[in-house]
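Only one structure is covered here, and it is reproduced in the block below.
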Amino acid sequence: MKMPAMGLGTFRLKGEPLLATLNTGLALGYRHIDTAQIYDNESEVGEVLATTAVPRNEIYLTTKVWTSEFAEGKLIPSLKTSLEKLGTDYLDLALIHWPSPNDEVPMAVYLEQLAEAKSLGLTREIGVSNFTVAQLKEAIEILGPGAIAHQQVEIHPLLQNRKVVEFCQAQGIAITAYMPLAYGKVLSEPLLMEIGKYHKVSAAQVSLAWLLAQGMTVIPSSTKRENQAANLAALEVSLSSEEMAQIATLERGERCADPDFAPAWD
């Protein structure tokens, strides 16, 4: 199954709010759910998968392996635990959530386990998240060209991550843009509001459309039905090449996700 271009992000969502969010999203037509071990919400995702009328094979499911599970012999058991919580026998995509902080665990150790998880049928595709160009190059050296199917990274008009994007595109690595609305910062961006007014859509929809037009997947997180519907509608927004270029001028390095264990960003 190909990854749908619009997904349901679940970062910071748990319990009843998450259950409601996912059920509403699936009812609206979403078929892509993104979670992670560290979100501590895989069980709720599993509950929705078990009760929804949407067949499992119509939902693209991603989870991400946390850095505590990288050591030799730990990653595959951690993914099996994730599968138990999710109530499924396979993932569509398993990602390394962050590179090992300060290279405490050598990259080959955890990437080779991830590749083994794929060979065992635990996941259909594998990839990484928050990797720099140098780290992507190392990953390709370890697993070989074509093994890394996806890179998930923060991208929005205010942080465009161009070096990483260009490298991924050159290598045929698909990109998922997380925090595509920059925690709501794009909603008050005058240029995006102006372009949105012309198209009779919101600044948020313009931001999503700009990412989608570049072939990226987006996983905005929203608990409100109207916002989820509006995000889906961004799939139908068509921006001109001039508008795309104008939005590209908004780059100003406004990174939302920058924990103390993050790599040395490009």
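Tell me, what is the percent relative contact order of the chain, built from C-alpha pairs under 8 Å that lie six or more residues apart?
Working: 475 pairs, mean separation 50.3, N = 266.
The value is 19 percent.
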### Query
Which lysines, on any chain, are close to Lys224 with Cα under 28 Å apart, when same-chain ones fewer than 8 places away are left out?
Lys2, Lys14, Lys64, Lys85, Lys185, Lys197, Lys200
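On the accessible surface of the range 173-212, probed at 1.4 Å, how many percent belong to carbon and sulfur atoms?
Accessible surface attributable to carbon and sulfur in the range 173-212 totals 63 percent.
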### Query
Okay, which of the range 165-209 sit inside 16 Å, backbone N to the point 7 Å along the Cα-Cβ direction of Asp266?
165-178
### Separation of the Cys256 and Ala108 label points, Cα + 7 Å toward Cβ, nm
3.8 nm
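Can you give the alpha-carbon Rg of the chain over 2.2 N^0.38 Å, where N counts its residues? If you can, show how the numbers build up before the last one.
On the way: Rg = 17.9 Å, N = 266, 2.2 N^0.38 = 18.4 Å.
Compactness ratio reported: 0.98.
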### Summary
Candidate cut points under chymotrypsin sites (Phe, Trp or Tyr not before Pro) in the range 162-266, DSSP loop plus at most 14 other Cβ atoms within 10 Å of their own Cβ, are Phe261
### 222 nm mean residue ellipticity, helices alone, for the chain (DSSP H n ≥ 4; -39,500 (n - 2.57); rounded to 500)
-12000 deg cm²/dmol
### Message
I need the calculated FRET efficiency for the pair Lys200 and Ala27, taking r as the beta carbon distance and R₀ as 22 Å, to the nearest 0.05.
### Response
0.30
### Task
Send over a whole-number figure in Å² for the accessible area per residue of the range 162-215, probe 1.4 Å.
49 Å²
### Summary
Mean accessible area per residue over the range 219-266 (1.4 angstrom probe, all protein chains present, square angstrom) is 58 Å²
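Quantify, in whole percent, the carbon and sulfur part of the accessible surface of the range 113-154 (1.4 Å probe; protein heavy atoms only).
Working: 780 of 1560 Å².
C and S fraction of accessible area: 50 percent.
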### Query
Label points 7 Å out from Cα along the Cβ direction at Thr249 and Phe11: separation in nm?
2.8 nm
### Message
Before I look further, what does the range 34-73 give for accessible area per residue, probe 1.4 Å, in whole square angstrom?
### Response
39 Å²
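The values are calculated or read from the model by the stated rules, or taken from the named source; none is laboratory data. A quick note: this is a predicted structure, and the numbers were derived from the prediction, not measured. FYI the Cβ positions are ideal-geometry reconstructions off the backbone, even for glycines, and counts take in every protein chain you see. The area values use the complete protein model at the heavy-atom level, side chains included, leaving out ligands, DNA and RNA. Shrake-Rupley method; radii C 1.70, N 1.55, O 1.52, S 1.80 Å.
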